[in-house]
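First the structure, which I've put down as structure tokens, then a few questions once you've had a look.
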Amino acid sequence: MADANGAANGLFRVFVDSKHVLVRSLVEDFSVPMPGSATLSMHWNHERVTIPGVTATPGSPEAIDAITTASRPISGDAYEDFEKVRNELEGRVARGPVSVGYYHSMEPDYLGRQLSATYSRELRDNQLNLSLGTSYGWDDIKPVEDQRSSTAADTKNTLHLNAVATQVLTPTSVVRVGVELNHVTGLQHNPYRLVYAGGTSVPENHPDSRERRDAFVKFNQYLSNRSSLNCDYRLYGDDWGVVSHEIAGGLAQYLTRGLYARYQYRWYSQTSATFWSTDYATTQGVDGYLTGDYRMSPLSSHLFGFSLNADLGVMAPDSPKLRRFALMLDYERYFNNSNYSADILETGVEFRF
């Protein structure tokens, strides 16, 4: 929510999964008007990830398995917690139908950068919007010292293209369709993960080129009882053999003036990559490629969510202080067929100035 003077909001996010991995994020967003009817938007995220140390008895098969297949670097004591900090900054300038942006992310072993641009145009008396977008990312990957492997520094480049059309069907319904294409080259596997193959452990290895394509449709419908319904479907495919389907739905309902709740559900299913296997017979894997990433396996998942949003500017319009604030509470439960689950709790405070 923004007025003529701009807007700012902050979000503190906590993520915990079934492996007790803890992610804490402090997010700040700013929007400021600029001369010439332009708008500058800034996004900053400070993220701290904590991965628990191995809890099994040193020297036991359980401990050896945990250390061997860990997706974190083992450069010191594997029985101590491993912590990594990431800072990201994104800026975007929009003027009329054109916007350009730059993204910068820094971690101890990863530097990510991206340039992006979009162009949109209104047609048919503003009932149809056509948008074209592109971005190019170039990343530097420098794995920290790891006693299990010696992966050298590498790079990853990503070219993204998209086209989206949004059509107003009726005064209470909107449909959006789009297609996306990503061409990725460079290091695309986890440099710290080992895979059991041929009776031993060898470094994970994915192809260094990937074509990713998807198409989606989204439908939003306003209902007469101050609620709205949205339905989404996405079809994805790539040249690694992964084909996926995603269906999602949500219901937003005003509970009272300035206070609304949102319920959501998402189902996802995919086939495996051509080089994925539960048991590699040799250290060569499949055509020289091996993976220990469950996201390359046959996968299905479910996500349930609930959020509560309060706009104090509407609930307390006569209060000079409260009317500048909006509050948000969001909870999501995720689980899949690979014995992975996560509880995601978000709280947010928005301040308008």
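The values are calculated or read from the model by the stated rules, or taken from the named source; none is laboratory data. What you are looking at is a predicted structure, and each value in this text was computed from that prediction instead of being measured. Cβ sites come from the backbone with ideal geometry, for glycine too, and all protein chains shown count toward neighbours. The accessibility values were calculated without ligands, DNA or RNA, using every heavy atom of the protein model including side chains. Shrake-Rupley method; radii C 1.70, N 1.55, O 1.52, S 1.80 Å.
Over the alpha carbons of region 6-102, what is the largest minus smallest coordinate on each principal axis, giving the biggest first in Å?
67, 21, 20
If the chain between T274 and S60 were fully stretched, how many nm would it gain, using 0.36 nm times the residue separation less the Cα-Cα distance?
Length gained between T274 and S60: 73.7 nm.
While we're looking at this one, here's another question. Output the relative contact order of region 166-238, whole-number percent, from Cα pairs under 8 angstrom with separation of 6+ residues.
The normalised contact order for region 166-238 reaches 32 percent.
Quick check for the chain: number of Lys pairs with alpha-carbon distance under 29 Å, counting only pairs 8 or more apart or on different chains?
6
Calculate the FRET efficiency for Q167 and Y119 from the Cβ-Cβ distance with a Förster distance of 25 Å, rounded to the nearest 0.05.
The pair Q167/Y119 has a calculated efficiency of 0.90.
Something else about it: Take L159 and A38, extend 7 Å from each Cα along the Cα→Cβ direction, and tell me the distance between the two endpoints in nm.
It is 2.8 nm.
On to the next question. For the chain, which whole-number percentage of the solvent-accessible area (1.4 Å probe, protein heavy atoms only) is attributable to carbon and sulfur atoms?
It is 58 percent, rounded to a whole number.
Also: Return a whole-number percent for the relative contact order of the chain, with Cα pairs under 8 Å and 6 or more residues apart as the contact set.
Once normalised by length, the contact order is 13 percent.
If you don't mind, another one. Compute the distance in nm between two label points, each set 7 Å from the Cα along the Cα-to-Cβ direction, one at Y331 and one at N230.
The two pseudo-label positions are separated by 2.2 nm.
Expressed as a whole number of Å, what is the distance separating the alpha-carbon centroids of region 289-335 and region 190-232?
Rounded to whole Å, the Cα centres lie 19 Å apart.
Using DSSP to call loops (not H, G, I, E or B), can you name the trypsin sites (Lys or Arg not before Pro) in region 6-112 whose Cβ has at most 13 other Cβ atoms within 10 angstrom?
Those that pass, being in a loop and sparsely packed, are K19.
Between L132 and L89, what FRET efficiency follows from the Cβ-Cβ distance if R0 is 22 Å, with the result rounded to 0.05?
Once rounded, the FRET efficiency stands at 0.30.
Moving on to the next point. Can you work out D for region 292-347 in µm² s⁻¹ from Stokes-Einstein, where Rh is the Kirkwood radius over C-alpha pairs, the temperature is 25 °C and the viscosity is 0.890 mPa s?
Reported coefficient: 175 µm²/s.
Ok, one more. Which entry in [x] 25.0, 106; [y] 23.1, 92; [z] 23.1, 72 matches Rg and Dmax of the Cα atoms in Å derived from the coordinates of this structure?
Computed from the coordinates, Rg and Dmax of the Cα atoms in Å corresponds to [z].
Restricting to DSSP loop positions (anything but H, G, I, E, B) with no more than 13 other Cβ atoms inside 10 Å of their own Cβ, which trypsin sites (Lys or Arg not before Pro) remain in region 285-323?
Answer by residue number: K321.
Which FRET efficiency value, to the nearest 0.05, is calculated for Y222 and M106 with the Förster distance at 41 angstrom and r the Cβ-Cβ distance?
0.45
Calculate, for region 266-333, the solvent-accessible area per residue in square angstrom, rolling a 1.4 angstrom probe over the heavy atoms of the protein chains.
Normalised by residue count, the accessible surface of region 266-333 is 57 Å².
Oh, and also: If the elastic network links every pair of Cα atoms under 10 Å, which of D293, D318, D109 fluctuates the most in the Gaussian network model of the chain?
Of D293, D318, D109, the most mobile in the Gaussian network model is D318.
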